[in-house]
Each structure stands twice: as structure tokens, then as C-alpha cells.
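What follows is a single structure, written as C-alpha cells, with notes after it.
The values are calculated or read from the model by the stated rules, or taken from the named source; none is laboratory data. Since this is a predicted model, take the numbers as computed values, not measurements. Glycine also receives a Cβ, built like all others from the backbone with ideal geometry; neighbour counts cover every protein chain displayed.
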Amino acid sequence: MKTIFLLMIFFTLNAESIQIAELRKVYSNDMQKFSIGMTSFICQPYGVVPLEEVLANQALTSTCKQEIENYYLANPTKKYFIDMALYLRQNYHIVFKQRRCVIYAFGQKTLSEALLEQGLAITQTNFNDDEFRYLYTKAQERAKRRSAGIWSDKKLQACITGLYK
């Protein structure tokens, strides 16, 4: 009986349907821990590359890593954007897609859109999801127009976009 229940949870979590999950912990803008019932799992924002993921990229030069770290030193609240925007023990709507999560954190707006608007992420290279591509492109354009986040500094912008073209 327990095996059947665990299989049901596995297939439920892997389906591309909306689930309601409770936020348990925020590790970074790139990684959050949620739970559905007694099952916990890690979510990463769908369709975007947050700055934390950029920092973990081995191809990133030490100069670019320093630029990102300098940005976070100058803007400490941006490093903890998700931690301040979401609430622990709060339920959020989640859709699982390609081993990542579409987290509806701000009404109809997703966590990925919010990161893009803040200039704390860029859209993944070759992102081909018709449902979200338009929304993410518009969110990233808004950040560029406002010179938000990575779009506020030419050197930082060059590091990020050069790495993910």
C-alpha cells in the first residue's frame, strides 16, 4: 500500500498540472524547498538562468564572478529577493516542467518573471516554450528598459549575455 502511495506522489509531482505546495525553505533566488503533504522537493525557476546559477557555471571567468559578487555587495537585498518576496509555510501554485518549477508567486505572475523583471536572471538559451516565452521576453525587456539588476552595469551585462548566447 505504501509503495502505491509513493508511486502516486511521484507521478503527481511529475505531471504538468497545477499543484499546491507549501514553501519550506528558501536557499537562494535559484533554489527553494517545497512540500506537498509529507513529500519535500527542491524547485528551481523554470525557463530562466538566475545569477546564482551563473556563478556556479565553470565557464564563467573570475572577473565576471567578481562583477556578480560586487553587484550583490552593492545591492544586498537583491541576493535575498525571493526570501523577502515569498513567505515560509505559505502555499503556492506550482507546475512541474522539465525538472524545474513554474511557481505562481505573485497572482498570475511566475517567480521566473519576477526574477527577470528584477534583472536577477536571463531567459534560458533556446527557450522554446510557447506558453511562457512571450511573458519571459517581455519581463526581461522591462528590466532592460529600467536598467534593473544585471542590466544596470555594462560589464556585468556583457559577462552574462556573453556566457549564455
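Things to note:
- Look at (1) over 19 Å from residue 163 (Cα atoms); (2) modelled with pLDDT of 95 or more and you find that residue 98 fails only one, number (2).
- Taken over the range 112-133, the criterion of being farther than 16 Å from residue 54 by Cα, modelled with pLDDT of 95 or more and either of a type in the set (Ser, Thr, Tyr) or in contact with a Lys or Arg (Cβ under 8 Å, 6 or more places away or on another chain) (or both) is satisfied by 117 alone.
- Looking only at the range 66-91, and only at residues there that are among the hydroxyl-bearing types (Ser, Thr, Tyr) and within 19 Å of residue 122 (Cβ to Cβ), the one that is surrounded by the fewest Cβ atoms within 10 Å (Cβ to Cβ): 72
- Among the residues of the range 67-121, those that are of a type outside the set (Phe, Trp, Tyr), in a strand (DSSP E or B) and within 14 Å of residue 135 (Cβ to Cβ) comprise 95, 97, 102, 103, 105, 109, 110, 121.
- Scanning the range 129-165 for residues that are part of a loop (DSSP other than H, G, I, E, B), farther than 21 Å from residue 57 by Cβ and not small (Gly, Ala, Ser) returns a single hit, 129.
- Screening the candidates 29, 75 for the property of being of a type in the set (S, T, N, Q) and over 15 Å from residue 111 (Cα atoms) yields one hit, 75.
- Selection within the range 54-65: residues that are without any contact (Cβ under 8 Å) to a residue 40 or more places away in the chain and surrounded by 13 or more Cβ atoms within 10 Å (Cβ to Cβ). The member of this set that is farthest from the chain's Cα centre (by Cα) is 65.
- Residue count, the range 120-147 (criterion: of a type outside the set (Val, Ile, Thr) and closer than 20 Å to residue 100 by Cα): 16
- Filtering 114, 143 for residues that are closer than 10 Å to residue 45 by Cβ, surrounded by fewer than 24 Cβ atoms within 10 Å (Cβ to Cβ) and not hydroxyl-bearing (Ser, Thr, Tyr) leaves a single hit, 114.
- Qualifying residue in the range 97-109 (condition: within 15 Å of residue 42 (Cα to Cα) and of a type in the set (A, V, I, L, M)): yes
- For the range 15-42, a residue qualifies if it is buried (at least 16 other Cβ atoms within 10 Å of the Cβ) and basic (Lys, Arg), and exactly one does: 33.
- Boolean, residue 95 is within 19 Å of residue 30 (Cα to Cα), surrounded by 13 or more Cβ atoms within 10 Å (Cβ to Cβ), in contact with a helix residue (DSSP H, G or I) (Cβ under 8 Å, 6 or more places away or on another chain) and of a type in the set (Val, Ile, Thr): no
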